[in-house]
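Heads up: the structure comes next, in C-alpha cells.
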Amino acid sequence: MVTKASKDKQPNALVYVIAGEDLSLVNSEYSKVIDQLVPAAEKETALTVADADKAIIAEVFDELRTLPFFTKRKVVALRNADKFISANREALERYFENPSPTGILVMTVSGWQSNTRLAKKLTSIGTLKEVEMPKGQELTSRLIEYAQEAHSKTLDYRTAGLLIDLAGENLSRLYSEIDKLATFAANEKTITTAHVESLTGRNREFDAFEVIEACLERKTGQVIERLRRMFEEDKTAEYTTIGAFAFHVRRMFNAKKMLMEGRSQYEIAGIVRIWDNKDSFFAQIKRLTLRQIGDQLCRLAQTDYAIKRGQAQPRIAIEQFVLQLAAL
C-alpha cells in the first residue's frame, strides 16, 4: 500500500482526511491514524466513532468542541464520509476556518477533489492521506500478507504472481480470489499453484500460454490441437482468447525490451512473472526481434477489430493468427 500525505501536512493537524478507492486499504490506514492519535488506554473516553450516514453535523461539532476529560484531545471519527461531506460542505468549510483546538476530526472517503474550497482550507489545518493501490512487487507482497492475516494461510511469491496474472490487478477481486482459495485449500496451511490451477479449471491464460509456446516451438500440429481443445472445453474461448494471447505477447515484448537493455533473465522473469519453462521462454524471445513481437501485437489488434466488426469468423481468424506465428 502506498500512502501519500499532503505536501502541506500539519505537525499538529486538527483534521485528517484518508482517501482511497480500496476500502480495506483505507481502513488499514485509518487504524494506524487512530492508534497514533489515541493511546489504547484512552480510547473509551477520547474517541468517538460516529455513523457517517446518520451523523448530524451539529452533534459532530459539539463532540469536537467538548473539552476532553483526563486526555489531551478528543477524536471524532467518521468512516465512509463521502455523502456526509457532500451534505454538509458549507458547514465544514466554516468549521475548517475555526476548528476546535482540542478536537481532532478524522474522516475516510473514497475520493477527495483537491480543487474545492474545503480541500484548500484543509491544507492550513490538517492532513490529507491518499491511499493508492499497490502495484508490482508491493501488490504481490500485499496478497501474501492478506492470505496470512485473513486466513492464516501461506501464499508464496510465485503463487501470488500467478494469481495476479489470472485475475488482474484489482485488489478487491484478488482478495476475493484468495478467500475462495483459502476455503478450497481447507485444512492445508499453504495455498499452492496447484490450488490456483484446480480452482480456475485450467484457466484460459494457462491454455493460451501453451498454444503460444507450441507456436514458437513450431509444433504446428500441436498448436491446432490445443487451440481446438480450448474451443471445445470453453464455449466462450473464441471471444476471450485474443485478450489472453495479447497478455502473453505483451509479456514477451516487455521481456525482450529488458533483455536488450542488458537486464538479467532472473530479474526479468520476476518482473514479467515467468515461473515455469524459463529457459524455453527466453530461448524463444531471443530468436525473435522486438519488431517481430511488436508486429504480433498489431496483428492481434487487427484480428480483434475484424472479429468485433463481423468481418472475420473468430475461430478461423484465431487459427490463422497462430499458424502465422508458428511460421516465424
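Values in this text are rule-based calculations from the coordinates and carry no lab data. All figures in this text were calculated on a predicted structure; none of them were measured in a lab. With ideal geometry, Cβ positions are generated from the backbone for all residues, glycine too; neighbour counts draw on all protein chains shown.
Counting only GluC sites (Glu not before Pro) that DSSP places in a loop and that have at most 12 other Cβ atoms within 10 Å, the longest clean stretch of the chain runs over 1-187. Assuming charge only on the beta carbon of Lys and Arg (+1) and of Asp and Glu (-1), the dipole of the chain about its Cα centre is about 920 debye to the nearest 20. With a ≥ b ≥ c the root eigenvalues of the C-alpha gyration tensor of segment 2-132, is it rounded (a/c under 1.5), prolate (a/b larger than b/c) or oblate? Verdict is rounded for segment 2-132. Legend: calculated FRET efficiency, Ala40 to Glu267, from the Cβ-Cβ distance at R0 = 56 Å, rounded to 0.05, equals 0.80. The chymotrypsin sites (Phe, Trp or Tyr not before Pro) of segment 24-80 meeting both criteria, a DSSP state outside H, G, I, E and B (loop) and at most 10 other C-beta atoms within 10 angstrom of the site's C-beta, are Phe69, Phe70. For segment 281-328 versus segment 35-78, the spacing of their alpha-carbon centroids is 60 Å. Hey, which of these cross-link pairs are over 28 Å Cα-Cα: Lys256/Lys308; Lys32/Lys120; Lys83/Lys121? Exceeds cut-off: Lys256/Lys308.
Under 21 Å Cα to Cα from Lys257, which lysines show up? Leave out anything in the same chain fewer than 8 places away. Within the straight-line limit of under 21 Å, Lys257 reaches these lysines: Lys135, Lys278, Lys286.
Rounded to the nearest 0.05, the FRET efficiency derived from the C-beta distance between Ser86 and Lys189 at R0 = 56 Å is 0.75.
Ranking Leu14, Gln311, Ser100 by how far each Cα lies toward the positive end of the dipole of the chain (charges on Cβ) leaves Gln311 at the top.
Applying 1/(1 + (r/R0)^6) with r as the Cβ-Cβ distance of Gln222 and Phe70 and R0 = 56 angstrom yields a FRET efficiency of 0.15.
With K and R counted +1 and D and E -1, the other residues having a Cβ less than 12 Å from that of Leu67 yield a net charge of +2. Placing unit charges on the Cβ atoms only, positive for Lys and Arg and negative for Asp and Glu, gives segment 25-89 a dipole magnitude near 180 debye about its Cα centre.
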